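Note sheet for the following structure.
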Amino acid sequence: MRKALRWLLALVVLIGTVSTAGAATAAEPKAVDIKDRLLSIPGMSLIEEKPYTGYRFFVLNYTQPVDHRRPSKGTFQQRITVLHKDTARPTVFYTGGYSVSTNPSRREPTQIVDGNQVSMEYRYFTPSRPEPADWSKLDIWQAASDQHRIFKALKPLYSENWISTGGSKGGMTATYYERFYPRDMDGVVAYVAPNDVVNREDRAYDRFFARVGTEECRDRLNGVQREALVRRAPLKEKYEAYAAENGYTFDTVGSLDRAYEAVVLDYVWGFWQYSTLKDCADIPADAKNATDDEIWNSVNTISGFSFYTDQGLAPYTPYYYQAGTQLGAPTIHFPHIEKKYIRYGYQPPRNFVPRSIPMRFEPWVMRDVDRWVRHNADQMLFVYGENDPWGAEPFRLGRGAHDSYVLTAPGMNHGANVAGLVPEEKALATARILDWAGVASAEVQANPSAAEPLATFDAKLDKRDVQREPALRP
């Protein structure tokens, strides 16, 4: 009897052990790798994965409709990248408004919130271009809809708060995305985003150049710019030799002479866009007595004589198309240069796009965005640089805006960021970004001045130098 009882108890224990082990196995399934989770998304495919300590970095293609209004009319492959940290962290959605880098990098909001980062290549920048390209489908609503579809696809994986960001044309892109899909993001951080509300009204730029920096610096820059046009004949010979040596052609802009003047007229703008006041020391102080090489080298360093060639313009055709159809483009005047030296003036975007691509400007598009931001901005931050020409026409907030800010970094150029703001505004901006991302501590919520980025600065990931690019494009 006792043996039978012991056998029965042993059997119960054995059954319990098996049941418990089965329950443990069921409760702890093997975690699915993030790469497999990404690639399980319909339309997502892997280009490559690159290692980086503390992250997983993926370069991906995502299938997008050419026309979001008529998805059945064809698709294209849009390149995106994912800097993955942890699905339990917030995610920053970044676009520069142009091509996307395929190397790991971290934008300032990503460092602030210590999160993941999704970066999108703007449609029609190669290789994210339909073939054949229907250029009428390159507009701000279609691009915003690209972002919306990417967000909807990734949100189930990255379920915490999302913040969109971008610099320059990327800041514009983040703003337009918010205008059309205001329920997607939990916050927007738009850096140095131009707001050309009325394309034909550009006096704000002339006022900017009349007061930026110091009189001495302005005189130096104006002197070199004027002298480059006074010496057009000998410097054009130098340009012709330079073009021949490098195989440059000028079919799009129309002639080498037009390209030469366009480069020279970009000179002052380009300096303030990418340089700071201390860099004035590198500008020839006495342009009239400078050598031809000194004038050439100064203009080439800042504006780049290769840019208005066919080869230089080709990568930026989508930008100039948008500038000439929706975004608008600045026109400025040159009171320090006699009219006899200027043959073409600031040329319109139409001159920088192949004539085979039709263009028609839509003046109501930017007015709509400006009106929406003034009256509906919610949890949006705009950051500008005091000495950046593109900030001459900024976004502004009206009475309908909520928890939104326009801040200016003193002395900074087109690379202005939160880190460059005065201490009180830097703390405010950092605290709001943390709060929007859902990661603000109780201390920061009670005292915004305590706000600091959550991730340690990484010199490689967080490199904040402004990439030198042609002037007159944001």
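The values are calculated or read from the model by the stated rules, or taken from the named source; none is laboratory data. Treat the numbers as computed from the prediction; the structure is a model and nothing was measured. Positions of Cβ are generated from backbone atoms using ideal geometry, with glycine treated the same way; all protein chains shown enter the neighbour counts. Note: areas computed on protein heavy atoms with side chains; ligands, DNA, RNA excluded. Shrake-Rupley method; radii C 1.70, N 1.55, O 1.52, S 1.80 Å.
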Quiz item: Considering the range 445-465 alone, what residues qualify as being assigned to a helix (DSSP H, G or I), open to solvent by less than 90 Å² (accessible area, probe 1.4 Å) and of a type in the set (S, T, N, Q)?
Solution: Ser449
Exercise. Return the pairs, sorted by first residue and then second, in which the second residue is open to solvent by less than 40 Å² (accessible area, probe 1.4 Å) and in a loop (DSSP other than H, G, I, E, B), the first residue lies in the range 332-345 and is farther than 20 Å from Phe208 by Cα, the beta carbons are less than 7 Å apart, and the residues are 6+ apart or on different chains.
Key: Ile342/Phe334
Quiz item: So how many residues does the range 327-350 have that are out of contact with any Leu (no Cβ under 9 Å at 6 or more places or on another chain) and either of a type in the set (Phe, Trp, Tyr) or open to solvent by less than 20 Å² (accessible area, probe 1.4 Å) (or both)?
Solution: 2
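Out of Thr63, Thr75, Thr87, I need the residue that is among the β-branched types (Val, Ile, Thr), surrounded by fewer than 18 Cβ atoms within 10 Å (Cβ to Cβ) and more than 19 Å from Pro127 (Cβ to Cβ). Which one?
Numbers: Thr63 fails: more than 19 Å from Pro127 (Cβ to Cβ); Thr75 fails: more than 19 Å from Pro127 (Cβ to Cβ).
None of the other options fit; the residue is Thr87.
Can you find even one residue in the range 284-299 that is without any contact (Cβ under 8 Å) to a residue 60 or more places away in the chain and acidic (Asp, Glu)?
First, the residues of the range 284-299 that are without any contact (Cβ under 8 Å) to a residue 60 or more places away in the chain: 289, 291, 293-294, 297.
Within this subset, residues satisfying the condition of being acidic (Asp, Glu) are 293-294.
There is at least one residue in the range 284-299 that is without any contact (Cβ under 8 Å) to a residue 60 or more places away in the chain and acidic (Asp, Glu).
Kindly evaluate Asp368 against the criterion of being closer than 30 Å to Asp219 by Cα, under 24 Å from the mean Cα position of the chain (by Cα) and either touching a residue at least 40 places away in the same chain (Cβ under 8 Å) or open to solvent by 30 Å² or more (accessible area, probe 1.4 Å) (or both).
Working: closer than 30 Å to Asp219 by Cα: no; under 24 Å from the mean Cα position of the chain (by Cα): yes; either touching a residue at least 40 places away in the same chain (Cβ under 8 Å) or open to solvent by 30 Å² or more (accessible area, probe 1.4 Å) (or both): yes.
Spelling it out, it is not the case that Asp368 is closer than 30 Å to Asp219 by Cα, under 24 Å from the mean Cα position of the chain (by Cα) and either touching a residue at least 40 places away in the same chain (Cβ under 8 Å) or open to solvent by 30 Å² or more (accessible area, probe 1.4 Å) (or both).
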Self-check item: Residues satisfying the stated conditions in the range 227-246, i.e. under 32 Å from the mean Cα position of the chain (by Cα) and open to solvent by 10 Å² or more (accessible area, probe 1.4 Å)
Solution: Tyr242, Asn246
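Of all residues being acidic (Asp, Glu) and surrounded by 22 or more Cβ atoms within 10 Å (Cβ to Cβ) in the range 252-309, which is farthest from the chain's Cα centre (by Cα)? Just the residue, please. Don't jump to the end; show me each part of the working.
To start, the set of residues in the range 252-309 that are acidic (Asp, Glu) comprises 257, 261, 266, 279, 282, 286, 292-294.
From what is left, the residues that are surrounded by 22 or more Cβ atoms within 10 Å (Cβ to Cβ) are 261, 266.
On the way: Glu261: 28, Asp266: 21 Å.
Here the residue is Glu261.
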Quiz item: If you scan the range 312-324, which residues turn out to be open to solvent by 10 Å² or more (accessible area, probe 1.4 Å) and out of contact with any Leu (no Cβ under 8 Å at 6 or more places or on another chain)?
Solution: Gly312, Ala314, Pro315, Tyr316, Thr317, Gly324
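State all residues of the range 111-128 that are of a type outside the set (Gly, Ala, Ser), part of a loop (DSSP other than H, G, I, E, B) and open to solvent by less than 10 Å² (accessible area, probe 1.4 Å); if no residue qualifies, say none.
Residues of the range 111-128 that are of a type outside the set (Gly, Ala, Ser), as a first pass: 111-114, 116-118, 120-127.
With the extra rule that they be part of a loop (DSSP other than H, G, I, E, B), the set shrinks to 114, 121-127.
Within the range 111-128, Glu121, Tyr122, Arg123, Tyr124, Phe125 meet the criteria.
Looking at Asp184, Asp206, which is the one that is among the acidic types (Asp, Glu), open to solvent by 10 Å² or more (accessible area, probe 1.4 Å), more than 23 Å from Trp364 (Cα to Cα) and touching a Lys or Arg at 6+ places or on another chain (Cβ under 9 Å)? Working first, answer last.
Working: Asp206 fails: touching a Lys or Arg at 6+ places or on another chain (Cβ under 9 Å).
Only one candidate qualifies: Asp184.
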Quiz prompt | Checklist (1) open to solvent by 10 Å² or more (accessible area, probe 1.4 Å); (2) closer than 29 Å to Lys463 by Cβ applied to Ile163, failing item | solution = (1)
Practice problem: Please go through the range 393-438 and pick out each residue that is open to solvent by 10 Å² or more (accessible area, probe 1.4 Å) and of a type in the set (Val, Ile, Thr). | Solution: Val406, Thr408, Val422
Quiz item: Between a first residue in the range 87-105 that is more than 17 Å from Thr165 (Cβ to Cβ) and a second residue that is small (Gly, Ala, Ser) and open to solvent by 40 Å² or more (accessible area, probe 1.4 Å), which pairs have beta carbons less than 8 Å apart while being 6 or more apart in sequence or on different chains?
Solution: Thr87/Ser159
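Take Ala193 and decide whether it is open to solvent by less than 10 Å² (accessible area, probe 1.4 Å) and under 19 Å from Arg374 (Cα atoms). Talk me through it step by step, then tell me what you get.
Working: open to solvent by less than 10 Å² (accessible area, probe 1.4 Å): yes; under 19 Å from Arg374 (Cα atoms): yes.
Answer is yes for this residue.
The rows are residues; the columns are (1) assigned to a strand (DSSP E or B); (2) at pLDDT below 95; (3) under 26 Å from Leu434 (Cα atoms); (4) among the acidic types (Asp, Glu).
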{"position": "Asp36", "(1), (2), (3), (4)": "no, no, no, yes"}
{"position": "Phe57", "(1), (2), (3), (4)": "yes, no, yes, no"}
{"position": "Asp67", "(1), (2), (3), (4)": "no, no, no, yes"}
{"position": "Thr81", "(1), (2), (3), (4)": "yes, no, yes, no"}
{"position": "Gly96", "(1), (2), (3), (4)": "no, no, yes, no"}
{"position": "Thr102", "(1), (2), (3), (4)": "no, no, no, no"}
{"position": "Arg106", "(1), (2), (3), (4)": "no, no, yes, no"}
{"position": "Pro109", "(1), (2), (3), (4)": "no, no, yes, no"}
{"position": "Pro130", "(1), (2), (3), (4)": "no, no, no, no"}
Quiz item: When you look at Asn413, is it of a type in the set (S, T, N, Q), under 30 Å from Pro109 (Cβ atoms) and modelled with pLDDT of 95 or more, yes or no?
Solution: yes
